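Student: One structure, as structure tokens, below. Some questions next.
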Amino acid sequence: MAIQATIIADPVPISSSSRISIRGGEQCFGSFVLKTRPRHLRLSNGGRVRARASLNADLKAVGIPHQWYNLVADLSVKPPPPLHPKTFEPVKPEDLSPLFPDELIKQEASTDKVHRYPRRKVSYMIVVAFRAKRLEKLLNTPARIYYKYEGVSPAGSHKPNTAVPQAFYNAQQGIKNVVTETGAGQWGCSLAFACGRWIPSSPGSLGIAISEAVEVAAANADTKYCLGSVLNHVLLHQTVIGEECIKQMEAIGETPDVIIGCTGGGSNFAGLSFPFIREKLNGKINPVIKAVEPAACPSLTKGDMTFIPDPIHSGGLRYHGMAPLISHVYELGFMEAMAIPQIECFQGAIQFARSEGLIPAPEPTHAIAATIREALHCKETGEAKVILMAMCGHGHFDLKSYEKFLQGEMVDLSFDEERIRASLAKVPQVARI
């Protein structure tokens, strides 16, 4: 569904002089920023649960990143430029100006290694990586499993990491409205949070919603388009995830052997993996990096598609596009890709929820399933690998999907080779730049 939000000064902090946190609300999630962490976290119902085994380090001493990382700067083979859909020539900044503010256009085409974010307007707060000790025990694996949990944000996912900067740069340029699309709803909620507006609900294809949102932005001078994934500047904003995680893992003397994340458009996966790819290119570490996508909507593992995917319960991954930069990194061989059917994903999600006490969103269940595969392989080989997983959000609003799985109503969907060949035949051939 396509949505439109108006940027306002109150209660939106980004267009005033006040500071905000897009990494989670300090008052709502204060347990993560106390100088000394409590042994228990008090629940709203008065109950108490044991605090999860987080990184054994003083979070204040570890610190938080104050800049975004651009992987393009470290690639010896640069990604090809995006092409104009009419001329098939490289896109120029003026081609993008009807849709995006100037600063985001600069970030999109940038080859600078780092970009410092506007600290006076956007104040980051640390998001903790946890060790999944109870899942390790359940699987009886020698592997050590960590997950970077982004579900503590006000929107319940990693999406505010880019929603707030995008809203800020639009407000800075005097733009009054922003328009976007949303699939599962996390991105729409995040942009609405950044702009202080609710979002409407309507059915439809995510691809069609993107087209409609672009049309609205192009037709109105006071309106710009925001995208929650795929584009370079979105991936840039999300690298705060990996930068945090590198510092946290270093603080406890751990180095990940395997890094796993789900991919739809790829922003969460890129956010975690790109800073680690930098360390890999610099020869500091050599992890295996795996992108996991739905078997019902393959992108990296099956190539370009033109069809509309069948409905699946992971709405945020029901998108057969992929961030061009991720595709380029995959082509260069710096990462692997795999596709997992949704029933196996929900089986893993139930194991995770019952052991770790968190209900994952349908999207990261793909990363969980791949992590469980890797952990069970370590059980067979006796290897004590360190597995780092991206958990991009909670599933509190996806309980209907869990209900269908538990009632045996969920089915696996996949595409046969004939359907794939038919779709590939319709893809226009474009000369490589």
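Student: Please compute the net charge surrounding Val214, taking Lys and Arg as +1 and Asp and Glu as -1 over other residues with Cβ under 11 Å from its Cβ.
Tutor: Values: positive: Lys224; negative: Glu181, Glu212, Glu215.
Here the charged neighbours net out to -2.
Student: Holding the Cα-Cα limit at 27 Å, pick out from Lys159/Lys224; Lys159/Lys400; Lys113/Lys290; Lys86/Lys426 the pairs that are longer than that.
Tutor: Values: Lys159/Lys224 18 Å; Lys159/Lys400 22 Å; Lys113/Lys290 23 Å; Lys86/Lys426 17 Å.
Check vs 27 Å cut-off fails for no pair.
Student: Report, by chain and number, residues whose modeled amide H sits under 5 Å from the one on Ile260, excluding near sequence neighbours (fewer than 5 apart, same chain).
Tutor: Under 5 Å from the amide H of Ile260 lie the amide H atoms of Lys290, Leu388, Met389, Ala390, each far enough along the sequence or on another chain.
Student: Tell me, what is the percent relative contact order of region 320-421, built from C-alpha pairs under 8 Å that lie six or more residues apart?
Tutor: On the way: 76 pairs, mean separation 29.7, N = 102.
Relative contact order of region 320-421: 29 percent.
Student: Which ³J(HN,Hα) values in Hz, rounded to whole numbers, follow from the phi angles of region 368-377 under the Karplus curve 6.51 cos²θ - 1.76 cosθ + 1.60, where θ = phi - 60° and Gly and Pro get x?
Tutor: 5, 4, 5, 5, 5, 4, 5, 5, 5, 5
Student: With θ taken as phi - 60° and the coefficients 6.51, -1.76 and 1.60, list the Karplus ³J(HN,Hα) couplings across region 149-166 in order, rounded to whole Hz; mark glycine and proline as x.
Tutor: 9, 9, x, 7, 5, x, 8, x, 8, 7, 4, x, 4, 10, 4, 5, x, 5
Student: Near the amide H of Ala361, under 5 Å away, which other amide H atoms are found, from residues 5 or more places off or on another chain, if H is placed in the peptide plane?
Tutor: Under 5 Å from the amide H of Ala361: Gly393, His394, Gly395.
Student: Can you give the net charge of the other residues whose Cβ lies under 15 Å from the Cβ of Ile105, counting K and R as +1 and D and E as -1?
Tutor: Numbers: positive: Lys92, Lys106, Lys224; negative: Glu94, Asp95, Asp102, Glu103, Glu108, Asp112.
Net charge around Ile105: -3.
Student: Taking the Cβ of Leu281 as the center, what net charge do the other residues with Cβ under 15 Å away carry, scoring Lys and Arg +1 and Asp and Glu -1?
Tutor: On the way: positive: Lys78, Lys113, Arg278, Lys280, Lys284; negative: Asp74, Glu279.
My count for the surroundings of Leu281 gives +3.
Student: Another question about this same structure. Out of the GluC sites (Glu not before Pro) in region 329-412, which ones are loop residues according to DSSP with at most 16 other C-beta atoms within 10 Å?
Tutor: Details: sites: Glu331, Glu336, Glu344, Glu356, Glu374, Glu380, Glu383, Glu403, Glu409; in loops: Glu383, Glu409.
For GluC sites (Glu not before Pro) across region 329-412 that sit outside H, G, I, E and B with at most 16 neighbouring Cβ atoms in 10 Å, the list reads Glu383, Glu409.
Student: By count of other Cβ within 10 Å, fewest leading, how are Asp95, Asp398, Asp257 ordered?
Tutor: Details: Asp95 16, Asp398 23, Asp257 19.
By the 10 Å Cβ count, ascending: Asp95, Asp257, Asp398.
Every read-out reported here was derived from the displayed coordinates using simple, explicitly stated rules and does not represent laboratory data. As the structure is a computational prediction, the values presented were derived from the model and not from experiment. Every residue, glycine as well, gets a Cβ built from its backbone with ideal geometry; the counts of neighbours run over all protein chains shown.
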